[in-house]
Amino acid sequence: MITNKYVDEYIKLWKTGKIELNKERIMLICYLEKYILTRDDLYFDEDMLKNFIKFAERWYFELNPFQKFLAAFVFLFYKEDDAVFYEQFLWLMARGAGKNGLISALSHFFISPLHGIPRYNVSIVANNEKQAKTSFKEIYDVIGSKEVLEDMFYRTKVEIMSYDTKSIVQFHTSNAGTKDGLRDGCVIYDEIHSYATFDTVNVFSSGLGKVANSREFFIGTDGYVRDGFLDKTKERAMAILEGRELDDPLFPFICKIDDREEAHLPEKWGKANPMFEGVLTAYAKGLLKKVKTQYRQLKTNPSNRMEFMTKRMNFPEVDLEKSVATWEEIMATGFFVHELKAGETITGVAEKYSVLLETLKIDNKITHLTEVNVGDQLKIRRPVPNLKHRACVGGLDYARIKDFAAVGLLFKVGDDYVWITHSFVRKGFLDTVKLEAPITEWEEEGLLTIVEGPVIEIYHIVNWFVRMRERYGLTKIVADTFRLDLVKTALEAEGFEIDYIRNPKAIHSLLAPRVETIFAKHNLIFGDNPLMRWYTNNVYVKTKPDGNKEYLKKDEFRRKTDGFQAFIHALFKADEILIEEADFVLADINF
């Protein structure tokens, strides 16, 4: 057994009802009590922790109980070799929870003689320079305000160095190309909600390991980028909290409301922002007043609800007036999410969702009955039906031949629509426009093809449909008229029947109710296709004054929707073409 007064005090605050925690933090405490605090091969470095708390409270601010709780695990070590136990930390909280302040104090402490590791360099990384400089500037200003600190630390506008340890703090933007080769002891990734890929983390983490006790901190509030670094890290965190990944060196501290209705209850806001827990500091009282004002203004400014829910409640919520579907509905095109109930077995869950037991995977690992507990969220890969030789209708979006083009096949199996798709992306476009998407990764997964040349040539489109015709019952392709002559000549030459949509935007309003329904009822299957999820999440639903809807792009250049538009084209003709075999009767056949 290992103990620490700050850990014990924080857990006691919850157990005695003095603070209320969200589900993820309750799971964290249960995980710690079951798997970590019971170990005898670990120890909290009490002297180091005491020194940090004194350092932080002397030069920065008085630490709250939750901040001391977090700091304790930063200084948890193995007895055998004095190596850090937790190498990575996920601190996900609502805006205003003091993440940057705590990081400022920690970063400053890490380079100080109190930490005592020579050349323990710290890099602070964010998507833009202003955010990356937030903690750096705070350290810079603290040093400038105290003569004793100016004698201990050298500071410029770009780096801060300890004279004693020669350790340096620098800030960087997340552009991997700006990394200048520091042998880091610690990397802090700020605003992780905006990381669409793992590229930044991969580059900066590659410099770790050359200095003892390297650490990485992932901090931020939730955001609007889905299926990116943060979503995958949250999945990883849940695997830890559920006890399925006990060797993962990540410490996950996630603060959020448990239900959207709690946004109407200020007494529940401490679940998202731990500054609002227990006895409030002067800072917390002022912040709470500000958040309450923002909440009251939602009555007259409902357009700000999505921002309020995401940033103040750490509970991302889609504005269904402007988005095609919720993220949960988009995810359901590839995965089932099932909460294990008392008495249920993995076998029973597999039967319920018609998946084979050996293919039932959670976080891409085969999961056995003994590895899950009641209440665990099971993420089950949704099986794609056997589509060989089944009738389908092709969809094509070929409007912008200088960047993206998308092709696909739409099938109907029972009540479900199944969309198989591929995209072509011009390399020249990727070289000039930085997309917030893992394009190279998607190419490796076979979801798209990067092509050379000044345009995406039509033969790429034609060849794909020809190959698909060899596997499926494809005869008709639906496209808009933008490249009519080019598309018509090439596809009809291969024997395809082309159906043209003369006014693509006009069909959006006709299809909108059906699109909303099939997403809401989980009647749409993409398979595990992050590219198609990206396309769909990029769609902006514009409601015109006459009530008609149009599917546009949330960003004209960086948020592509081509795969979704190709799907819409196919869906427009689907019910005319896709007739279930059971619907055929003898009288329908022309002899």
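The values are calculated or read from the model by the stated rules, or taken from the named source; none is laboratory data. Just so you know, these numbers come straight off a predicted model, no measurement behind them. Reconstructed Cβ throughout: ideal geometry from the backbone, glycine too, with neighbour counts over all protein chains shown.
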Just wondering, is there one or more residues in the stretch 433-448 that are of a type in the set (F, W, Y), under 29 Å from P383 (Cβ atoms) and either modelled with pLDDT of 90 or more or not assigned by TED's automatic domain parsing to the domain that holds Y535 (or both)?
yes
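From the set of residues in the stretch 378-436 that are among the polar types (S, T, N, Q) and crowded, with 16+ Cβ neighbours inside 10 Å, which is nearest to I461 (Cα to Cα)? Lay out the reasoning, then the answer.
Within the stretch 378-436, the first condition is being among the polar types (S, T, N, Q), and the residues that meet it are 386, 421, 423, 432.
Those left that are additionally crowded, with 16+ Cβ neighbours inside 10 Å: 421, 423.
Working: T421: 12, S423: 9 Å.
Across the stretch 378-436, the extreme among qualifying residues is S423.
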Would you check if there is a residue in the stretch 277-291 being of a type outside the set (F, W, Y) and on the phi > 0 side of the Ramachandran plot?
yes
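Give me a count of the residues in the stretch 389-404 that are closer than 28 Å to I439 by Cβ and not in a loop (DSSP other than H, G, I, E, B).
At the first step, the residues of the stretch 389-404 found to be closer than 28 Å to I439 by Cβ are 392-404.
Still in the running and not in a loop (DSSP other than H, G, I, E, B): 392-397, 404.
Residues meeting the conditions: 7.
K560: modelled with pLDDT under 90, surrounded by 14 or more Cβ atoms within 10 Å (Cβ to Cβ) and within 29 Å of D227 (Cα to Cα), yes or no? Walk me through how you get there before you give the answer.
Working: modelled with pLDDT under 90: no; surrounded by 14 or more Cβ atoms within 10 Å (Cβ to Cβ): yes; within 29 Å of D227 (Cα to Cα): yes.
Criteria not met by K560.
Report yes if H108 is touching a residue at least 12 places away in the same chain (Cβ under 8 Å), crowded, with 17+ Cβ neighbours inside 10 Å and under 30 Å from F315 (Cα atoms), otherwise no.
Working: touching a residue at least 12 places away in the same chain (Cβ under 8 Å): yes; crowded, with 17+ Cβ neighbours inside 10 Å: yes; under 30 Å from F315 (Cα atoms): no.
Taking the combined requirement at face value, the residue does not satisfy it.
Considering every residue within the stretch 402-419, establish whether at least one is at pLDDT below 75 and either more than 30 Å from K476 (Cα to Cα) or outside the structural domain of Y31 (by TED's automatic domain parsing) (or both).
Filtering the stretch 402-419 for residues at pLDDT below 75 gives none.
No, there is no match, as no residue in the stretch 402-419 is at pLDDT below 75 and either more than 30 Å from K476 (Cα to Cα) or outside the structural domain of Y31 (by TED's automatic domain parsing) (or both).
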Residues Y195, Y224, Y189: which one is in contact with a Ser or Thr (Cβ under 8 Å, 6 or more places away or on another chain) and closer than 14 Å to E87 by Cα?
Y189
What residue, among those in the stretch 268-325 that are modelled with pLDDT under 90 and hydroxyl-bearing (S, T, Y), is nearest to the chain's Cα centre (by Cα)?
S323
Considering only the stretch 207-214, I want to know if a residue exists there that is hydroxyl-bearing (S, T, Y), in the same structural domain as E24 (by TED's automatic domain parsing) and in contact (Cβ under 8 Å) with a residue 24 or more places away in the chain.
yes
Could you check how many residues of the stretch 49-67 are farther than 23 Å from E277 by Cβ and under 34 Å from the mean Cα position of the chain (by Cα)?
0
Counting only residues in the stretch 245-273 that are of a type outside the set (A, V, I, L, M) and closer than 17 Å to Y86 by Cα, the one surrounded by the fewest Cβ atoms within 10 Å (Cβ to Cβ) is identified as D247
Answer yes if at least one residue in the stretch 498-515 is at pLDDT below 90 and in contact with a Phe, Trp or Tyr (Cβ under 6 Å, 6 or more places away or on another chain), and no otherwise.
no
Those residues of the stretch 437-459 which are crowded, with 17+ Cβ neighbours inside 10 Å and within 19 Å of G394 (Cβ to Cβ), in sequence order
L447, L448, I456, E457, I458
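In the stretch 441-457, is there at least one residue being part of a helix (DSSP H, G or I) and either touching a Phe, Trp or Tyr at 6+ places or on another chain (Cβ under 8 Å) or hydroxyl-bearing (S, T, Y) (or both)?
No, the conditions are met nowhere in the stretch 441-457.
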Go through the stretch 97-123 residue by residue and tally those that are in contact with a Phe, Trp or Tyr (Cβ under 9 Å, 6 or more places away or on another chain) and under 26 Å from G286 (Cβ atoms).
11
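Can you pull out every residue in the stretch 336-360 that is assigned to a helix (DSSP H, G or I) and either surrounded by 12 or more Cβ atoms within 10 Å (Cβ to Cβ) or modelled with pLDDT of 75 or more (or both)? Give the steps one after another, and end with the answer.
We begin by selecting, within the stretch 336-360, every residue assigned to a helix (DSSP H, G or I); these are 346-352, 357-359.
Hits for the stretch 336-360 are I346, T347, G348, V349, A350, E351, K352, L357.
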Only one of (1) within 28 Å of E138 (Cβ to Cβ); (2) out of contact with any Leu (no Cβ under 7 Å at 6 or more places or on another chain) fails for A56. Which number is that?
(2)
Regarding F89, is this residue buried (at least 18 other Cβ atoms within 10 Å of the Cβ), touching a helix residue (DSSP H, G or I) at 6+ places or on another chain (Cβ under 8 Å) and in a helix (DSSP H, G or I)?
no
Say whether the condition of being basic (K, R) and under 24 Å from G220 (Cβ atoms) is met by at least one residue in the stretch 131-147.
yes
How many residues, within the stretch 474-497, are buried (at least 17 other Cβ atoms within 10 Å of the Cβ) and not aromatic (F, W, Y)?
9
Starting from the stretch 545-567, take each residue that is in the same structural domain as G395 (by TED's automatic domain parsing) and list its partners that are β-branched (V, I, T) and assigned to a helix (DSSP H, G or I), counting only C-beta distances under 6 angstrom and pairs at least six apart or across chains.
F564/T536
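Residue-by-condition table, conditions (1) in a helix (DSSP H, G or I); (2) farther than 14 Å from A566 by Cβ; (3) not polar (S, T, N, Q):
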{"position": "L387", "(1), (2), (3)": "no, yes, yes"}
{"position": "A406", "(1), (2), (3)": "no, no, yes"}
{"position": "G428", "(1), (2), (3)": "yes, yes, yes"}
{"position": "W464", "(1), (2), (3)": "yes, no, yes"}
{"position": "R467", "(1), (2), (3)": "yes, yes, yes"}
If I ask for residues that are farther than 16 Å from V515 by Cα, among the aliphatic types (A, V, I, L, M) and out of contact with any Ser or Thr (no Cβ under 9 Å at 6 or more places or on another chain), which ones from the stretch 406-420 would you list?
V413, I420
What are the residues in the stretch 33-86 that are surrounded by fewer than 20 Cβ atoms within 10 Å (Cβ to Cβ), assigned to a helix (DSSP H, G or I) and either in contact with a Gly (Cβ under 6 Å, 6 or more places away or on another chain) or among the β-branched types (V, I, T) (or both), if any?
I36, I53
Determine which member of the set K133, K137 is modelled with pLDDT under 95, assigned by TED's automatic domain parsing to the domain that holds L114 and of a type in the set (K, R).
K133
Name every residue in the stretch 217-275 that is under 15 Å from A94 (Cβ atoms) and small (G, A, S), in order of residue number.
G220, G223, A263, G270, A272
Taking the criterion of being of a type in the set (D, E), in a helix (DSSP H, G or I), over 28 Å from E443 (Cα atoms) and more than 19 Å from the chain's Cα centre (by Cα), would at least one residue in the stretch 239-256 satisfy it?
no
